[in-house]
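Everything on this sheet refers to the single structure shown next.
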Amino acid sequence: MITIGITGGVGAGKSSVLTMIGEYCDSRAIPAVLLETDKVARALQRKGERVFQEIVHAFGRGVVGEDGELNRQMLADLVFHDEEKLKRLNLIVHPAVKQDVRKAQQEAKQSGVKLFVIESALLLENEYDQICDAVWLVTAEQPERIRRLAASRGYTEAKSRSIMSNQSLESEWLERCSAVIDNSGTPERTRAQVRRFLDAYFVSEPDRSEGNEKIK
């Protein structure tokens, strides 16, 4: 089984690339598991789950909404400008998520899955690269990322730039990535890059005519 990690800055289009990987695998009948760590974290933070209990204990009932679930926006606002609180939250959430990811990876391998993909904005920071055969960095020009965030999440330019400034620099990610997907252009161009990199694993003579050439 091949494990690929997908990372990149906010608005770069990691989810779009993940969708394209799924389409590639579906069209070739390749058994695959595509896992988003944010969705794993959301599941672990539901009422009654262990991470929910730990967060409420650490931050108080004020982060619980009227429906009894975590108010994620309230929690985000609480920790965004407080480094100590953010660190405390990360120490609760990230180890639990990684434990579930590793369990899912083992189960996938045992069930005959050929491709296991982990998508995470903090893939390298949380050292998921240690359990990956390759790491892909999804990039896009900053103006395009700001445009996407405004369209999909309603973010102002100031908010988008603030979030970007708190993320790691792409130059730091590049040193630990084996492939770069330039997602600044059309979906067709991005899809061609995804296909070429996956062909390197699943066909004998991959088409290398398009996209970034960085791949191990």
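Before moving on, here are some points about what is shown:
- The number of Lys pairs in the range 1-139 with C-alpha atoms less than 24 Å apart, excluding pairs fewer than 8 positions apart on the same chain, is 21.
- Taking every DSSP beta bridge that has both ends in the chain, the antiparallel portion is near 5%.
- Each residue of the range 35-43 is assigned a 3J(HN,Hα), and the resulting list reads 10, 10, 5, 5, 5, 4, 4, 4, 5 Hz, derived from the Karplus form 6.51 cos²θ - 1.76 cosθ + 1.60 (θ = phi - 60°), x at Gly and Pro.
- Taking every C-alpha pair closer than 8 Å and separated by at least 6 residues, the mean separation divided by the residue count of the range 38-113 gives a relative contact order of 30 percent.
- Our summary gives the chain a relative contact order of 33 percent, counting only alpha carbon pairs under 8 angstrom and 6 or more residues apart.
- Computed E for N166/A200 - FRET, C-beta separation, R0 41 angstrom, nearest 0.05: 0.75
- Among G185, G22, G11: highest mean-square fluctuation, GNM of the chain, C-alpha pairs under 10 Å: G185
- With neighbours defined as other Cβ atoms within 10 Å of a residue's Cβ, the residues E84, E127 order from fewest to most as E84, E127.
- Model label zone, E49; criterion: amide N under 13 Å from point 7 Å along Cα-to-beta-carbon; scope the range 84-102: 93-101
- Contour minus Cα-Cα distance for D77 and Q130 (0.36 nm per residue): 16.0 nm
Each value in this text was obtained by applying a stated rule to the coordinates, not by laboratory testing. Quick caveat: nothing in here was measured; it's all calculated off a predicted structure. Virtual Cβ from ideal backbone geometry, glycine too; neighbours counted across all protein chains shown.
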